[in-house]
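Coordinate-derived values only; no laboratory data. All values derive from a computational prediction rather than experimental measurement. Every residue, glycine as well, gets a Cβ built from its backbone with ideal geometry; the counts of neighbours run over all protein chains shown.
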Amino acid sequence: MTLQNDDQPIADSFPAPYPKTSPTELQSKITFESLLSTVYVKPDLRVMDKYPNTDGHIELTDQHQHPIGKIEVQLKTLADDDLITPKYQCAKHFLKYCSDSVLPVILVAVNNAQKKAFWLSVDEDVIIDANQRITGESVSIKIPYENCLDGQNHAYLAAWEKLIRAAQTKVKGYNGLLQEKGLLETKLKQLEEGLRPSSLSPEALTEIHIFLNHYNTILDTEFAVMKQTLYARYWKIGIGIASYSVDRCAFVLIPLDSGRNDPIIRELAADSFFKRHEALFDGTILSYSAHISQNTIRNNPEALSYSLIKSEFFRIMEKYNLPVNEPVIAHEYLVNFIDSFQVTLGFEPEQDTYSLKQLNFILKEALPVEIAQNYNFADWVKDFNYNIDSTKNTRPHPNLTRRKENAISLLKADFVPAVKVTVSSELYHMELIYYYLDLLLQSGEQNAIRMYQPEMGPKINMKFDWANWKMPAIIANLELFFQNFTRLYQKYVYQNFRHLQQELDFYDEINTIFYVLVFDDDPAKQPFLEVYKLNADTEVVPKSYFFKQSDPVCPVSRKERFEMEKWDCDFNGVHYKILSVSVETLDFLFELSPTYCLINKQVTKKLKQFFKSKEEVQDTY
C-alpha cells in the first residue's frame, strides 16, 4: 500500500535529535583522551550522560599493563571566561555522589581551543569546602591551573595513582580490634551449641524482623564505622531469642557470617546452656539483654535498636581512636608514639623528623627479631604478642643498643626466628600506627614531622606542674592546634559518621568560636581556655579563632562580661552576640594525641545528645 505525501506523518517527521551540546561534549571527550598516556591510562568514557553523575571511568595500569585501579570521571567543557582561572559550577547531586563513591572521582574541564584539560579530585576537602559555601543547588569549584593535561607533562599519573592507593587503603578499612574480632569468632562458635531453629509464631517473627531491620539499618548507615570496625566479615546482625511474650523478651544479638547461610532468627536453648557458658555473655562482645516490664522488641523497636548500639559503640569509642585520612594527625600520632618509645625503637630523642621507613622496618622486622632472640620461650610457643607499653620512657642503655644491632645483623643474614612476634600497645592503637604509616608512605612522605614544640614544661608531672610551664611553647602549640582542629574534626566526622554530619556539626547552631587562653602571673592559678560561642549579625563563614587574654586584638573581655554584663563584641568589622561561655582545661595538650583527645570529647558529647533524642530504652539489664 502506497500513501500519498499528505498522508505520511511518520515519513515526514525526523528521528529524535542528539542534544545540541553533543558535538561539544564529543569533542571534549576526544580532546581529553588525546592528552592521556596510551600506555598507562585506559579510558572508558561516554558522552551525553549515559551514566548518571559521571561520564564513565579511566583505569590506570603499570608498564606491564597490569591494572592498578579505576577513577570515575565527570567530563565538562571549559567556558571561555574560565580559561585563565579554571572552575566549574557543580550540582549538589554530583557532590553527593562524590561523597558516597567508593572510587575516587575527578572533575575534568576541557579547553578544546588550546587542546588542554584541567582536573580536580573531588575529595573530602573539596566537598567540605563546598558544603560551607553552597547556598542553592550548585556551587563553583575552582580547579588548580597546575593540574593541567597538555599531552607532554605526565605528572598526573603519579597523582592519580596516589588517589587510587588512598581509596584502596580506605576501602581495605581500618583493621582494628583484632583481638576482639578473634574473641567474637570464638564465642560465636561456642554459641552455636545453644542455637536451634525458631518455633515462634508468625506475629512474633514479624515483630522481630521489624526490630532487626531497624538495628541493621542504623548499623549500615549512621554507625557504619562500627560495623566496618568490628563486624567487617558479617553481613547482618541476627538474633537468638531466649524468651518472647506479650510483656517481656530476652535475647542475644548474633553477627551472621557472610560465608554462611544461617537463619537471621533462631532460639536459644534452655537455662542450662547459660549456666554452662556464662562467660559468653560478659558484656564484652555478646550481650544478653532481658526486658521484664515490657516487650521492647514489639513496643519500641527503633528506640531499643539505638539503646543497644549506644552501649556497644561507646565501649569501642572508649578504647580505640578512629582513623582520619589527614597527614597532620598522622604526623602528630606517629611522632608522639616515637617519643614515647624512642629507646625501644632506636631513635634519637626529640628529633624534628623521624624516618618513616626506619619506623616501618623496626616495628615489622627488627623489633620482632630482637624480642624473639632475647626472650626465653617454651618449645611449643610459635606466636608471641609483645606489649611495647612497658618500655615507655625507657632510659638508653648499651645493652639495648647491642640487642637492636644484633637483630639487624641477623635480618641481613636472612634469619627467620622460631617465634613470630607481633608488637602491640594499649596506649597507642597499633593498627592506627600502621594505618598512618601506610597513609604517609603512599603519599610520598619520607619522614614523620614534629608538629608541636616538645619542651612545654618539666618531664615529670608536666600536666599538673603549671607553675613551671614554658608559656611561649604552650602558646605556640595552641596556636598551631587551633589552626587545624576544626578541619580535622570535620574530616573525622565526614570519614566516620557521614550520615550524622548534621548532628555532629562542629558549629551546630552557631557560626563563630573564640578560644581565649587565660593565665595569670600567680603560679597557684592554673591556666585555662575560655570558649566563647557566638553568632554574627551578618552572614559569615563559620570559623574558630585563638587569642591570648592579653592580646590587644582579643575582642572579648572577662572583666566586661562579669562586671558590665556585656554579651556582645566586635571583631574584624562584624558585630557578634555571645551565646555561651565555657571553660576548657589544657589537659588535652599533654595527652598522647591532643587532637584525638579533644575530638573524642566533643564527638562523645554530641553523640550522647543524639542518643538521648532517640528516647533510648531504660530497662535493659
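Peptides 251-264, 128-141, ordered by how many other C-beta atoms sit within 10 Å of their residues on average, highest first, read 251-264, 128-141. The H on the amide N of Gly69, modeled in the peptide plane, is under 5 Å from the matching H of Leu60, each at least 5 residues off or on a different chain. In order along region 55-67, phi translates into HN-Hα couplings of 10, x, 8, 10, 10, 8, 10, 8, 5, 9, 6, 7, x Hz, rounded to whole numbers, per the Karplus curve 6.51 cos²θ - 1.76 cosθ + 1.60 with θ = phi - 60° and x for Gly and Pro. Each residue in His93, His154, His331 was given a count of other beta-carbon atoms within 10 angstrom of its own, and listing them fewest first yields His93, His154, His331.
Where both bridge residues fall in region 492-621, DSSP classifies roughly 75% of the beta bridges as antiparallel. For Lys614, the aspartates and glutamates whose Cα comes closer than 14 Å to its Cα, not counting residues fewer than 8 places off in the same chain, are Glu222, Glu302, Glu503.
When the chain is described by a simple charge dipole with +1 on each Lys and Arg Cβ and -1 on each Asp and Glu Cβ, the residue from Thr206, Leu411, Ala79 located farthest towards its positive end is Leu411. Applying both filters, DSSP loop and at most 13 other Cβ atoms within 10 Å, to the GluC sites (Glu not before Pro) of region 324-384 gives Glu350. Overall shape: oblate for region 478-585, with the ratio a/c of the largest to smallest alpha carbon gyration tensor axis at 1.5 or above and b/c at least equal to a/b. On a 32 Å Cα-Cα criterion, which of the cross-link pairs Lys42/Lys142; Lys310/Lys559; Lys70/Lys605 come out too long? Pairs exceeding the cut-off: Lys310/Lys559; Lys70/Lys605.
For Gly238, the amide hydrogen comes within under 5 Å of the amide hydrogens of Ile254, Leu256, counting only partners 5 or more places away or on other chains and with H modelled in the peptide plane. Counting only DSSP beta bridges with both residues in the chain, the antiparallel share comes to about 75 percent. Short-range pairs are left out: with C-alpha atoms under 8 Å and at least six residues apart, the relative contact order of the chain is 10 percent.
Given the pairs Lys319/Lys470; Lys392/Lys525; Lys525/Lys566, which are separated by over 28 angstrom at their Cα positions? In this structure, Lys319/Lys470; Lys392/Lys525 lie more than 28 Å apart at Cα. The Cα atoms of region 366-416 give a gyration tensor whose axes a ≥ b ≥ c have a/c of 1.5 or more with a/b no greater than b/c, which makes the shape oblate.
Amide H to amide H distances under 5 Å link Arg248 with Asn295, where only residues 5 or more positions off or on other chains count and H is placed in the peptide plane. Considering only beta bridges that DSSP places wholly inside region 22-168, some 80 percent are antiparallel. Counted as membrane-span-like here are DSSP H helices of the chain whose alpha-carbon atoms extend 15 Å or more along the helix's own axis and whose Kyte-Doolittle mean is -1.0 or above; these are 22-34, 155-172, 178-191, 202-220, 301-317, 327-340, 398-412, 430-442, 471-496, 594-613. For Kirkwood radius over Cα pairs in Å, the candidate list reads (i) 27.6; (ii) 29.1; (iii) 24.7; the entry that matches the value derived from this model is (ii). A DSSP coil position with no more than 16 other Cβ atoms inside 10 Å describes the following GluC sites (Glu not before Pro) in region 506-552: Glu509, Glu539. The alpha carbon centroids of region 488-567 and region 574-603 are separated by 8 Å. Counting only residues at least eight positions apart within a chain, or on another chain, the aspartates and glutamates with an alpha carbon under 13 Å from that of Lys29 are Asp44, Asp49, Asp55. Here is how the number arises for the chain: DSSP H runs of 4 or more residues each give -39500 (n - 2.57), the sum is divided by the residue count, and the result at 222 nm is -11500 deg cm²/dmol.
How much net charge surrounds Arg196 when only other residues with a Cβ under 13 Å from its Cβ are counted (Lys, Arg +1; Asp, Glu -1)? Walk me through the intermediate numbers first.
Values: positive: Arg266; negative: Glu192, Glu193, Asp262, Glu267.
The answer is -3.
Backbone N atoms of region 222-244 closer than 19 Å to the 7 Å Cα→Cβ label point of Thr206 belong to residues 244.
For the chain, the Cβ-based charge dipole about the Cα centre amounts to some 1200 debye (Lys, Arg positive; Asp, Glu negative; other atoms uncharged).
Among the trypsin sites (Lys or Arg not before Pro) in region 516-584, those placed in a DSSP loop whose Cβ has at most 12 other Cβ atoms within 10 Å are Lys525.
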